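Each remark here refers to the structure printed beneath this line.
The values are calculated or read from the model by the stated rules, or taken from the named source; none is laboratory data. Since this is a predicted model, take the numbers as computed values, not measurements. Reconstructed Cβ throughout: ideal geometry from the backbone, glycine too, with neighbour counts over all protein chains shown. Protein only, heavy atoms only, side chains kept; ligands, DNA and RNA dropped before computing areas. Shrake-Rupley method; radii C 1.70, N 1.55, O 1.52, S 1.80 Å.
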Amino acid sequence: MVYAADEQRYDKLPYRRVSDSGLILPALSFGLWRNLGDQMPLENSKKVILKAFDSGIFSFDNASNYGPSNGTAEETFGQVFRSDLKPYRDELVITTKAGYHMWPGPMGEFSGKKTLTAALDLSLQRMGLDYVDIFYAHRWDPNTRLEETARALDLLVKQGKALYIGISNYTAAQTEAIAKIFNVLGTPFIGNQVSYNMLNRTAEKDGLLEILNKNHAGLIAYGPLAEGLLTDRYLTDIPDDYPIHRTNEFLFESGKDALIAKLNALNGIAVSRGQKLSQMALAWLLKDDRVPSVVIGASKMDHLLDNLSFSDNMSFSDDELAQIKNILGK
């Protein structure tokens, strides 16, 4: 049966412009990460991806090292793109990243010119694309001169392999440094994809949001639920071996009991709003226009649908914001 997208898909989810650029993103982007690679049946992955598109998610985020096995998440997306989504290419925002370990040997990671060029070529082959909409340098490279990384990314745009350039996991100072080079080169720098959620507000505290806004770019937030902590699953206990992402490890510094108490306090506000904690967490991120899109991941249909329901209540009263601020602290 030939796939036909839901004709009402753009009525189901808000979409937002990235700063004052011409790029528009859905409030939620779909990240494949390690959810839909080689350890998940293709048919399941296909159903979730197509349901996301039918629900108004037209931005799909990938990386060369996603899988679990390197490249397999891109291969999965590529199969779905070729079989079902190719007729909709002009509607899709497809993004990928390179910088973490991708292939054997010293050239298989970080952000040198040869590495970034080879990585994007491989990504395009896996996904069956002529270009990606955003290509991200996935992490700061402490060994390569920053100008080489910036010029390599700029060249990939000039070659027609990417429309926009992004960075990922760059600090505020690192973002400002590379943005200065992009401004000189005229590179279409669009944003920084970083870990940002109610519990991890580093992007607010170090001035990253202001720096991005000044450079006509946005913050694309990943890890919006702190690997599941910002759901109703851990209101009574958090396992000692909880697989927290490295960017959120500091959340346990005050002890597990203190974190659980904070989650319950936040959940109380969510319940009063008629939402699940996870849905409130997504809405809270998107209260700031400098966050054009939040990257979610889902391997199961019910998880996807749960997240999509966040848009039923995206507004916050001044009292709610004050309560949340008091719970979260400095």
Residue, surrounded by the fewest Cβ atoms within 10 Å (Cβ to Cβ), within region 81-124, restricted to residues that are of a type in the set (Gly, Ala, Ser) and outside any loop (DSSP other than H, G, I, E, B)
SER83
Give the residue that is nearest to LEU212 (Cα to Cα), with candidates limited to residues of region 138-167 that are surrounded by fewer than 22 Cβ atoms within 10 Å (Cβ to Cβ) and small (Gly, Ala, Ser).
ALA152
Scan region 171-188 and give yes if some residue there is within 16 Å of the chain's Cα centre (by Cα) and open to solvent by less than 10 Å² (accessible area, probe 1.4 Å), otherwise no.
no
Got at least one residue in region 78-90 being hydroxyl-bearing (Ser, Thr, Tyr), in contact with a Gly (Cβ under 7 Å, 6 or more places away or on another chain) and in contact (Cβ under 8 Å) with a residue 12 or more places away in the chain?
no
Against the conditions (1) modelled with pLDDT under 95; (2) open to solvent by less than 10 Å² (accessible area, probe 1.4 Å), where does LYS205 fall short? Just the number, please.
(2)
Do the conditions hold for GLY22, that is, is it without any contact (Cβ under 8 Å) to a residue 40 or more places away in the chain and within 21 Å of the chain's Cα centre (by Cα)?
yes
Restricting to region 1-52, count the residues that are open to solvent by 10 Å² or more (accessible area, probe 1.4 Å), of a type in the set (Phe, Trp, Tyr) and under 22 Å from PRO224 (Cα atoms).
2
Of everything in region 189-229, what is under 29 Å from PRO243 (Cβ atoms) and over 19 Å from the mean Cα position of the chain (by Cα)? Give them in sequence order.
LYS205, ASP206
Select from region 4-27 the residues that are assigned to a loop (DSSP other than H, G, I, E, B), in contact with a Lys or Arg (Cβ under 9 Å, 6 or more places away or on another chain) and not hydrophobic (A, V, I, L, M, F, W, C) and list them in ascending order.
ASP6, SER19
Criterion: among the small types (Gly, Ala, Ser) and without any contact (Cβ under 8 Å) to a residue 60 or more places away in the chain - qualifying residue of GLY67, GLY31
GLY67
Can you tell me which residue is surrounded by the fewest Cβ atoms within 10 Å (Cβ to Cβ) among those in region 65-80 that are touching a helix residue (DSSP H, G or I) at 6+ places or on another chain (Cβ under 8 Å) and among the hydrophobic types (A, V, I, L, M, F, W, C)?
VAL80
Kindly evaluate LEU209 against the criterion of being part of a helix (DSSP H, G or I), touching a residue at least 40 places away in the same chain (Cβ under 8 Å) and under 26 Å from ALA283 (Cβ atoms).
yes
When you scan region 231-267, how many residues do you find that are in contact with a strand residue (DSSP E or B) (Cβ under 7 Å, 6 or more places away or on another chain) and within 23 Å of GLN323 (Cβ to Cβ)?
1
